[in-house]
Structures are given as structure tokens and as C-alpha cells.
Amino acid sequence: MSDTLVMPAGVVPSTAEQREQPVWRLLLGRPTFVIGAAMLLFWIICAIFGTAIAPHNALAQQLLATNKPPSAAHWFGTDQLGRDVFSRVIVGARSILIIAPLATLVGTVLGTALGLALGYLPGIVDTLVSRVVEAVLALPAIIIILLFAVALGVSTLTQILIIGFIFTPLIARTVRSAVQVEGQLDYVPAARLLGERPGRMMFVEILPNVMPTVLVEFTVRLGYAIFTVAALAFLGFGVQLSTPNWGTDIKAGYVLLGAGYWWETLFPALAIASLIIAIGLVADSTEQVLAG
Amino acid sequence: MTAIVRTDAPGPAAEPQTAVQVEHLDVSYRVRGRDRLALRDVSFRIGRNESYGLVGESGSGKSTVALALTRYLARNGRVSAGSIRIAGRDPLAMNAAELRDLRAREVSMVYQEPGKALNPAIRVGRQVAEVYELAGVGRPEAMERAEAMLRKVQISDPGRVMQRYPHELSGGMAQRVVIAMAIAAEPSLLILDEPTTALDATVEAEVLDLVAGLRTELDTSLLFISHNLAVIAKMCDRVGVLYAGELIEEGPARQVFDEPRHPYTVGLLRCIPRQGQRKDHGRLDAIPGFLPTPGQALAGCIFAPRCPIAEQRCRDAAPEAFDVGPGRRSRCYLHDRTGDLPRNTPVDLPLPATAEPANPIVVMRNVSKTFGAAGESVQALAGVNLAIDRGETLGLVGESGSGKTTLARILLGLVPPDAGSTIELDGQQLGSDLRKRSQAQLKEMQIVFQNPDSALNRRHTVRRLISRPLVKLAGLSGAALRERLTDLLRSVRLEDRHLTLRPRQLSGGLKQRVAIARAFGGGPRIVVCDEPTSALDVSVQAAILNLLADLQAKEQVTYLFISHDLGLVRYLSDRIAVLYLGRIMELGPAERVFSGPHHPYTEALLSAVPSLDGERRGRIRLSGEIPSAANPPTGCVFHTRCPRRLSSGICESTEPPLAEVEPGHLMSCHIPIDQLTTLQSNERMP
């Protein structure tokens, strides 16, 4: 058919086609990512192997050695029941690293779906739901979470669901505006001209293009989720005596700050801070790499 | 503040005739830890009061030259070799204060986007006056001088314009203000970097006239940068052609364009449809291959991979710049063989079958479109009647805001028209919205958008992009799908290895080929081409136009071809519709519309386009701005700018009907056709 047509488009080995650097290569080239990822990896190892790598039994009470300052035997000192603070910090990583990522995942999945629908489907639905979302955002999140926590009771599952639902409108709002930007591009009408249905438009055409936004939103929210889980424990929700918990330990320790027992508060607090900073570093560098 | 010590130029005696002297300039940009050469061994001279043009495609380094001259290179860019002299002074050796002084007094720049060059928060008058205040003039006098300067750039009511903010100005008006600011300091060098690329043709013509007029008045040398050869030909005494960072040819503008001595210049000129060339006269001669990526190291001549006459020595060692005549240089070993360069593209390509006349495939009746709610409504289209014949190419021409794109989107069903509009396809009425059209109707019409970056889903591979219409519209699967995919790939001249790539791994021309393949995949009978080549470089544009012509010959499709480039429309179209403020002003066979007699608006559009061939068209200019579609003029909407308005007052009071003035040629004008013929032929006489 086209044999008769001679056209020299590809005569020259195309220098215009560029090799792409894989995203992970670019990430590993950034010191911020490497440092953040290393810190995060440390806490993940603690969460998985906590009891195995902790030097002491995190639950064992030594009533003869309470409130001891940091020493060679107890690097972070002991608490008011004589338990090893270092071991409790290591073992305490588990609950927070289960609840926070799962809650963020729930919020991201629901929020992305809602944001796609709001951004793509025009008109009245968007206006109505967006006002509701704004109303939710007007209240401090921790108040809403506490209300739900009181009403539903606190277990690992309810914490995941409550935090996830609170994040949903927040993430939806970000995704919605990213979807609206995509809607300005010509590939959207081009796909509509093929007769694509709304579901395919949203999930096959648009979603892959807003995935960078979704990923960044996930990492940013993950930091907030960790903070929220710790805050709930600090306020006395979700406490299970059988597992060490950073928030609970801070709550127990900070009443003793006046007595000079600073180590019982400082080290769990540093643990929370370092985890959030690690996630922040990973989030920032991921965002920069995805933005090109 | 310390006083600025001016290191005065050696004086007029030393170099009386030179404003700018650039010698062996290398500029490199550091990207990911590697230096990439953006300019290589560039030498040129701009004489006093001379207008020097730099022409080249994207990535050729045109703007880098301008930035290097004023030391405005980005942080990762640096001059790695060579020297620059502006009015005898060396900007590369200057400290911050001297550099500021140079930029304030000696060199001014005008960029492509006037909107970005003005501070949006400061009134226009203050911004222009600031130039004088910096030179030590008091506020009241500075304001007076600013007003005089705005009058000089032909702003008719400078007092009122000075009170406005930049966003309240049209693009043409804003560019005049920028030019006023640039010449206010009476620089010895004025750099214009694509100053009219963002403007409509009629406005571009006015701005170019203005710059040409100012040149004779001012004591200023000009460095004019553009990708548009015709604009350079019109504006410049001498021209340098840049290709991939090298100045490959230089000389007096007329000579370079009439008798180019480098194969690249020859190729570039052949890419442009000229002297009324049409698709049935044969294909354009495209340059094969692609521009090299910036910083790519080549042993030999940088153009050798795309050159039709390259020899072994061209690939082995880069040629020096040879003197090829008085003031002319060419960086080509074979500069004496450029006169009879072989064609890259055969002429005898299949022609589209002639359309059977009087058999419209699409009929649009009384199509209107009003945007916005009551009160603030803008009528983008006002009762357009248009029939498109089977197998023809209908060109749609008009300035921005004329309703070209809206018309196309309504036809496709992407935008619903106002109630009362009807569109028929093969005599069957089409739904106003995509959702009201059947899959079979969707299959009939597709579009090639202007910008393939936007039109292709950047997360999908080429395979996925091209196969989707085959699956969805043509209903293919399995072996049939694979066969048709290969077929389609061949006909847009892509290769199998492209299938796994994503859009951003392809060059602009390749991306547009993918977009074209996608549009043709479902086997449409009508394809809308909305400025399909305006985002592409000249050398790539020709190949895409040839491809569109080939596909039409093969698939018998009907084109609705939208473009602001009249040369392209003329090359590709069988009939042309000229739109102004949402109304058809003229409709007829392409040759009739171009050769005249034509509607005064068409006449103005045609005379606004600078021509490479130096032929003098009737020089009528439109004055004033395009009126707002929210508040269109009474009577004939064109009367406010019409140079041939009748004195009887009928143009202001009554809208002329679109009437047939000769067989197949319709016009909306009160002036009788005989009178138009006389008027227009008189002016074409020398």
C-alpha cells in the first residue's frame, strides 16, 4: 500500500528519541532521599523484628531499678516501672507503622476515587460534595477523630478507618484539582471522541497522569497519620498495655519531667520526630523527581 | 551609591562601523554534570544602523546568542570561548555596575511574550517613565517623555493607555509599549527575540511596519531573531542561519534567500510552500531526519547526517566557514553545488482524487455558539452556514477569536451549539453532544490537535495510543488488529521500535505522526486538522503536510484544515472559508480566494503576510484592534477596521448577507464585486 510513497522520516537513526532514566535511579542520586529512606528502613526493621533486636524485654519490670538515667546497660535509661526505654522505643515502632500506613492507604484510595469523580464529572455533584468537603476541613481533624473514637471505641481497625475517612476529603480535594488540570489537555477530548466511557476516562486515561500527585499526597499524609496515631495514644485512646507505644510512653513520662526524668519523654518523642522527618525527606525528594 | 565610572568606548575612530562583534563564541550549558555545547564557534558582526537577522529552528541557539550578548545566560550556562564586543566594550569582562550600565544604555531587548515583559501591578505610564527616571530625569518630565514615546510607537491615545495596567492591553498594544520602553533609552543595539510570534498576522504586520519605521528614525542597530524566514527577509539587511549551535551560512538577506549556499538553507527554503504552490503541484521537499540533540558531539559537519550531498570528508572533519562572495560565508565544503541540490522527496506522489462536486458530506446550518451566562455573554459563532464536500479540504482561516476552533469543536460534538443549530452528516442530523451520537457516527470524525504533547496521553505507549481507536472504533482484535497496526504505522512512517516508547521519548514531529495515526485508526471520513504544524519546526512541518496529503489521497478523507498560516492553507485547501468574529466573510475555491477579487478582510490578511519572494502585494493595513465578540459592531462586523468602507453609511447600519458573487464564490460585503475587482487590481499595479 504505502510502498509507492518514499518518505525519509526515519532515515537518520533518531537522536530525538531519548532514553529515560528510571525513577529509582534518580531517587538514589539525591542525598535527601537516601538519608530519609535509611531512617525509614531502620524503623521498618524495628517494627518487624522489634522483640528480636531489642536488648531487653520491653515489658519486663525491674521495680528495684526505676527511673534510672541512661547508662551502659540501659542506653535510654529506665521508666517508672523499671522497663528499658531503648527496648520500648524499638518495639513501639510496630503499632504505629501498622496503623499509620494502612490508614493513609485507605484515605488515599478513597480520596483518589472521590477526587477523580469530582474533577471529571462536571457540575452539580462537584459543587455539592466540594462544599461538604470544605465544611469537614473547617473543623480541626483531631476533634473529629476524637468524636468518632469515643463513639466507635478504639481498636487498631477503628483507628485505621477513622483516620482514613478523615483523610479522604483532604486527598480528594488535591486530586480533584490535579484532574481538572488534566481536563484542559487535548488527550481528554481525543479519548472522548473514541467513545470512551467515564469510568475508563477516569481510571485509564486520567489516573495514570495524576499518580505523581497521589504518591506525593500519600507520603505527606503518612507523616500526618503518624502524628495523629501518636496523639491519640497520648490522649489515652487505643492503648493496649501488652504492646509498648510511643504516645503512651510520652504520656506516662511527661508527668515526671518536673522530677528531672527527661529520658522517659525525650526518646519516644525523638522516635516520632525522626520517623516523620524520614517520611518528609522521602516525600520531598519523590515530589522533586516526579516533577522532573 | 557609588558613581558609575564609564569605561568609554575607544571612540568612533577605532571601529566606526561596528556595533557588535562576536568572534568564535562557544557557549555551553551544564546539564547533569556535563557541559553541553549550545553554540559552537559563532562569529558575526553587526554594523552601525544595520539590521542583522538570526534565523534557525528550535534548539539552534538563537536565543542563547541574545542572552550571551547581554550576559543574561542561565546560571548553568557560560561562555567557554570567544569574545564579544558591543560598541567596543566587552560585556564578558564587566563588573556588576558596568553591566547594569550596559543594559540600561547600550542594549535593549524585546521578547516574544509582551505580557511577561511588563510588570502586571504597575500602570503602563509609570513603567515607561521609569526608563527615563533611571537616566536621571525628574518624574514630571519623565511622564511627558513617556507619553511622547508612546505616540512615537503609534499608540493613538497615549494619555489613556498610560493609565492602564498591562492586562488591559491587547497583545499588539502591549508589544508596542515594550518596544517604546526598549527604545526610550536610545540604545545602540536593540535585540528583538521573536517579537511577533505570539501575535496575529494583521497585528504582526503593524508591529513590523513600526519597527521598520523606527529604524530609519533612530540611530540603532538591530539584532532580529526569528524562526520565520519571511519575517527576517522583510526586516533585515544581513542574515545568519543557525543550525544546532553553528552559524552555517551568512550574508546579505536577499542573496541568502534567493541563492542559498548551504544545503540546510536550501532545504529550509524548500520546506515552505511558495508562490502559490499547491498540493496538486507536487509535494513539499522535506529535510529528512531530525535536529541533533543539543550538545551532541559530531566529528564532521553537523548537518551531514541529513544532507543529501554529504561526502566522506563531510563526515570526517567539520568544514570551516568559506568565503563564497562579498560578505557571504558558508560552512560547507560543497557550497558551489547547492544550486542544483537533488530533492529529498519525489515530486510525483499520488494526488487526491478530485472530489465529486455538489455532494456535501457535512452540512452545518445556522450554527451559533454563545459562551457565558446572560449579561456577560460572548457570541463566538453567529449563524454560520457551511457545507463541506466529500473528499475536499476546506481551509478555515481567521485571526484568534474568529471562531475557527469553536466551529471545529461543535462539528466534532465536543461543544454543544446553541439551540436552533443543525449539523447533518450524510443527510442525517447529528446529536449536539458526543453522548447523543452513536459509535458509528463517532467513527466518522476525528481530529489532529495543534500540540501533540497535549493531545497524546503521556503515560501511554505508542502501541496503546495507536491500537485503541482500532479496537474501539474499528472493532479489530487479534491478528487483524496487529496487521492494521503495522499498516497504520507504515503509512505515517513510524517504525516498530517506536511502539514501546512513550510520547516524551519522541521528537515533536514523531509525536504528531502518532497523533495522526490515532486520528486515522478508526477509518474516519472527516478529519479536523487544528493547526497541526504550528507547534513544529519548519523542516518537520513539510513532512507532516506531505503526510496529510498522502493520507488524503489514500484514504479519501475530507479535511477541515484550520490554520493561521495562509501559505499552508493555500497549499493544502481546495476551498477556503474566512472567518471574522464568528461570521463567514468569504467562502470559495482556494485559488479564487487568494487571487481575488477578495473580501477586504481577506485582502488585509493576505497583505499582512510577509513574503519570501519579495513580491509586493497590495499594501492595505488594518488599523485598530479586533473588536470584542461580547460587543460586536453594528452592521457589517468588519466595518470598524475596513479600509474600503463605503461612505454611504450602509456598512455601519446593515449586515451584508453572504451572497454568491460568482459561481461557488461567496462573500459578505456591500461593495459590488466589479468595484472590488477594480479597486484591488489598481493597487496591485506597480
Pair-distance profile P(r), taking every C-alpha pair of segment B:360-578, with 10 angstrom steps and integer %: 8, 33, 36, 19, 4, 0
Kirkwood Rh in Å, taken over all unlike Cα pairs in segment A:118-199: 15.0 Å
Would you mind getting me the FRET efficiency between B:Glu141 and B:Arg71? Use the beta-carbon distance for r and R0 = 35 Å, nearest 0.05. 0.65
Kindly give Rg over Rh for segment B:18-257, based on alpha-carbon atoms, with the Kirkwood expression for the hydrodynamic radius. 0.97
Nearest-20 debye value, segment B:18-257 charge dipole, Cβ charges on Lys, Arg, Asp, Glu: 620 debye
Viscosity 0.692 mPa s, temperature 37 °C: what is the translational diffusion coefficient of segment A:151-279 from Stokes-Einstein with a Kirkwood Rh over Cα pairs, rounded to a whole number of µm²/s? 185 µm²/s
If one computes P(r) from the Cα atoms of segment A:185-254, what percent of pairs lie at distances over 22 Å? 53 percent
Charge dipole (the protein assembly as shown, unit charges on Cβ, about Cα centre) - positive-most of A:Thr108, B:Gln312, A:Val91: A:Val91
Contour minus Cα-Cα span, B:Asp209 to B:Asp336, at 0.36 nm per residue, comes to 42.1 nm
How high is the relative contact order of chain B, in percent, with contacts defined as C-alpha pairs under 8 Å that are six or more residues apart? 12 percent
Given the DSSP H assignment, sum -39500 (n - 2.57) over each helix run of at least 4 residues in the protein assembly as shown and divide by its residue total; what's the result at 222 nm in deg cm²/dmol, nearest 500? -13000 deg cm²/dmol
I need the chymotrypsin sites (Phe, Trp or Tyr not before Pro) found in segment B:558-631, filtered to DSSP loop residues with at most 12 other beta carbons within 10 Å of theirs. none
Extending each Cα 7 Å along its Cβ direction at A:Val150 and B:Thr678, get the distance between those two points in nm, one decimal. 9.4 nm
Cα convex hull of segment B:197-278, projected area averaged across orientations, nm²: 6.6 nm²
Note the per residue figure in Å³ for the convex hull of the C-alpha positions in segment B:263-340. 124 Å³
Run the dipole for the protein assembly as shown about the Cα centre, Lys and Arg Cβ at +1, Asp and Glu Cβ at -1, nothing else charged, and hand back the magnitude in debye, nearest 20. 2180 debye
Residues B:His24, A:His74 in order from fewest to most other beta-carbon atoms within 10 Å are B:His24, A:His74
For A:Leu128 and B:Arg274, what does the FRET efficiency come to when R0 = 56 Å and r is the distance between their Cβ atoms, rounded to the nearest 0.05? 0.45
Return the whole-Å distance between the Cα centroid of segment B:652-671 and the Cα centroid of segment B:207-260. 40 Å
For segment A:160-210, what is the largest minus smallest coordinate of the Cα atoms on each principal axis, given in angstrom and ordered from greatest to least? 41, 18, 13
Which Rg and Dmax, in Å, describe the Cα atoms of chain B? 26.7, 80
Gyration tensor (Cα only) of segment A:42-128 to equivalent ellipsoid, semi-axes in Å sorted down, yields 46, 13, 9
With the Cα gyration tensor of chain A in hand, give its eigenvalues times 5 under a square root as the equivalent ellipsoid semi-axes, listed largest first in whole angstrom. 47, 26, 13
Whole-Hz ³J(HN,Hα) from phi, Karplus 6.51 cos²θ - 1.76 cosθ + 1.60, for segment B:167-180, glycine and proline x: 5, 8, 9, 6, x, x, 5, 4, 5, 4, 4, 4, 5, 4
Sorted by chain and then number, the residues having a modelled amide H within less than 5 Å of the amide H of B:Leu579, at least 5 places away or on another chain, are B:Val397, B:Gly398, B:Met585
Take every residue in peptide B:457-465, count the Cβ atoms of other chains within 10 Å of its Cβ, and give the average of those counts. 4
Semi-axes of segment B:522-675's equivalent ellipsoid from the Cα gyration tensor, sqrt of 5 times each eigenvalue, largest first, rounded to whole Å? 30, 18, 15
Find out how many positive minus negative residues lie around A:Leu256, taking Lys and Arg as positive, Asp and Glu as negative, among other residues whose Cβ is under 9 Å from that of A:Leu256. -2
So if R0 is 51 Å, what FRET efficiency would A:Trp75 and B:Arg502 give, r being the distance between their Cβ atoms, rounded to the nearest 0.05? 0.50
Spatially close lysines, pair count over the protein assembly as shown: Cα under 27 Å, gap of eight or more or interchain: 27
20 Å-binned pair-distance histogram of the protein assembly as shown (Cα, whole percent): 11, 34, 34, 16, 4, 0
In whole Hz and in residue order, list the ³J(HN,Hα) couplings for segment B:640-653 that follow from phi through the Karplus curve 6.51 cos²θ - 1.76 cosθ + 1.60, θ = phi - 60°; x for Gly and Pro. 5, 10, 6, x, 10, 4, 6, 7, 5, x, 5, 5, 6, 9
With θ taken as phi - 60° and the coefficients 6.51, -1.76 and 1.60, list the Karplus ³J(HN,Hα) couplings across segment B:158-165 in order, rounded to whole Hz; mark glycine and proline as x. x, x, 6, 4, 5, 7, 8, 8
The residues B:Val538, A:Val181, sorted from fewest to most surrounding Cβ atoms within 10 Å, come out as A:Val181, B:Val538
Per residue, how much space in cubic angstrom lies within the convex hull of the C-alpha atoms of segment B:82-185? 115 Å³
Mind checking the dipole of segment B:523-628: about its Cα centre, +1 per Lys or Arg Cβ, -1 per Asp or Glu Cβ, Debye to the nearest 20? 300 debye
Under 13 Å from the Cβ of B:Asn366, count the other residues' Cβ atoms, weight Lys and Arg +1, Asp and Glu -1, and hand me the total. +1
Just check segment B:105-165 against the gyration tensor rule for me: Cα atoms, a ≥ b ≥ c as the square roots of the eigenvalues, rounded for a/c under 1.5, and otherwise prolate or oblate depending on whether a/b exceeds b/c. rounded
Return the Rg/Rh ratio of segment B:596-684 with Cα-based radii and a Kirkwood Rh. 0.97
Toward the positive end of the charge dipole of the protein assembly as shown, about the Cα centre and with charges on Cβ (Lys, Arg +1; Asp, Glu -1), which of B:Val107, B:Ser51, B:Leu489 goes farthest? B:Leu489
Full-extension gain between A:Ile35 and A:Gln240, please, as 0.36 nm times their residue separation minus the C-alpha to C-alpha distance. 70.6 nm
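Since every read-out is calculated from the coordinates, none of them should be taken as a lab result. Every value quoted in this text rests on a predicted model; they were computed, and no experiment measured them. When we count neighbours, we look across all protein chains shown, and the Cβ atoms used for this are built from the backbone with ideal geometry, even at glycine.
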